[in-house]
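Worksheet for the structure shown next.
Just so you know, all these numbers are worked out from the coordinates, no wet-lab data involved. Remember, it's a predicted structure, so these values are computed and weren't measured experimentally. Methodologically, a virtual Cβ is constructed for each residue, glycine included, from the backbone with ideal geometry; neighbour enumeration extends over all protein chains shown.
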Amino acid sequence: MLYERVIRPLLFRMDAEAAHERAVRGLGFLGRVPGGPALLAAVAGAQAPGLRTTVFGLDFPNPVGLAAGFDKDCLLTPILPSLGFGFLELGSVTLRPQPGNPKPRLMRLPLEHALINRMGFPSAGAQAAARRLQSAGRAAVPVGVNIGLNADCPKAKAPEEYALVLRLLHPWADYFVVNVSCPNQTGLRDLQERLQLERILAALEAANSPRKPVLVKLSPDLADAQLPDLLGLIMRHADGVVAVNTTTSRTALSRDPGDIQGGLSGRPLRSAATAMIARIHRLTEGRLPIIGVGGVETGGDVLEKLRAGAGLVQLYTGLVYGGPGAVTRVLRELKALLRAGGFSSVAAAVGTEKA
Ligand SMILES: Cc1cc2nc3c(=O)[nH]c(=O)nc-3n(C[C@H](O)[C@H](O)[C@H](O)COP(=O)(O)O)c2cc1C
């Protein structure tokens, strides 16, 4: 309430990226002061017993994680668990530092609870990320690192560069995600093409020792016909998928935003993301772990994605619109809905929606 009535209107008067940077600085500060994480946990009310779950061999205190893009430079692992997240996906991290696209590159569509971004992987680079994760120590929840590609990387060198990032960050991550689905880098989504992806996954397999789970993040704009082949490949050479990244489609918007280039996230993405999760679950007969993401704002939205086949769920845009108490509220709602639906655990709900 306080966030929606007072803080959000103030933040929304600022440029969207400036507001994000301010939030990151504030959270970073709280993470460094003694007692800061405990204080934030007390204020955000982060407590969610009874939602534990195990997916791709890792144990999660609850199934609601932070999606990639919020903590691109791995600065906030000491503090983000205090908001209630059951896991964090950091990045996308690129091998070399790069500034990303020119600003402005992040826009709000407040009436739609949506964002459009064309950040283009601003990144401090993999070595800086590794140093920060090392000095922060183990986070209170599992941590995934999402790997992006430098804009100047020739596509033929993509497998090698993805693998180098994995190698540099291997000691500090519990799982990895290959981002081949960001719409803001020319040609990146072509890496979802079968042969390209096969080479990337082979390079990652060779670098991944001791073996940690590797997932592939998919675009909601993939053609239906591409999916079976791609999923077959992922089932042979990876451990799961993150579905979905942002979309270049504007069809789910109720009003024309004008010519804003970039990837759309938030409420208008919700049902397309859930439909894609359901399709993946059906095509893989429930054998491929799925992290579901896109437009999650409530416990009901989480349950919808679990029932479609996701074992875990993430959000980003929902945090911008819901504020620091959003995850705690979502977890409380999820708990009540699971109980009302007769599900004895998070895992018991996964894939129960009949298509
Ligand atoms: C500002 C912004 C930056 C993002 N950056 C990344 C990124 O670096 N890597 C990535 O895989 N996804 C990135 N995403 C996509 C999110 O991880 C997520 O897939 C998408 O926003 C849908 O979830 P949401 O509706 O809960 O935001 C970004 C999203 C936003 C809004």
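Summary table
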item	result
Percent antiparallel among DSSP beta bridges (both partners in the chain, rounded to 5)	30 percent
Cα-based Lys pair tally, the chain, threshold under 18 Å, eight or more apart or on separate chains	6
FRET efficiency for THR54 and ALA206, using Cβ-Cβ distance with R0 set to 22 Å, rounded to 0.05	0.20
Footprinting exposure proxy for SER209, SER181 (fewest neighbouring C-beta atoms within 10 Å first)	SER209, SER181
Cα centroid separation - region 207-265 against region 1-61, whole Å	26 Å
Distance (nanometres) between label positions extended 7 Å along Cα→Cβ at GLU4 and ILE260	2.1 nm
Mean Cβ neighbour count within 10 Å, used as a protection proxy, ranking 189-197, 119-127 highest first	119-127, 189-197
Net charge, GLY86 excluded, C-beta distance under 11 Å - Lys, Arg +1, Asp, Glu -1	0
Approximate spin-label separation ALA38-ALA336, in nm, with each point projected 7 Å along Cα-to-Cβ	3.0 nm
Cα convex hull of region 228-310 - mean projected area over all directions, nm²	6.0 nm²
Largest-first principal axis extents, alpha carbons of the chain, Å	50, 46, 45
Isotropic mean projected area of the C-alpha convex hull, region 1-135 (nm²)	9.8 nm²
Value in Å of the Kirkwood radius, where region 69-170 supplies the Cα pairs that are averaged	14.6 Å
5 angstrom amide H check on VAL177, placed H, neighbours 5+ away	VAL145, ASN146, ILE147, LEU215
In Hz, Karplus ³J(HN,Hα) per residue of region 193-206 (6.51, -1.76, 1.60; θ = phi - 60°; x = Gly, Pro)	5, 3, 5, 4, 5, 4, 5, 5, 5, 5, 5, 5, 4, 5
Pairwise FRET efficiency - HIS170 versus SER344, Cβ, R0 = 41 Å, nearest 0.05	0.70
Computed FRET value (nearest 0.05) for MET14 with MET235, which takes r as the C-beta separation and R₀ as 45 Å	0.50
In region 248-289, the trypsin sites (Lys or Arg not before Pro) that fall in loop regions by DSSP, at most 11 other Cβ within 10 Å	ARG255, ARG287
Cβ-based net charge around GLY311, under 13 Å, with every Lys or Arg adding one and every Asp or Glu removing one	+2
Extension gain from LYS354 to GLU285, taking 0.36 nm per residue of separation minus the Cα-Cα distance	23.6 nm
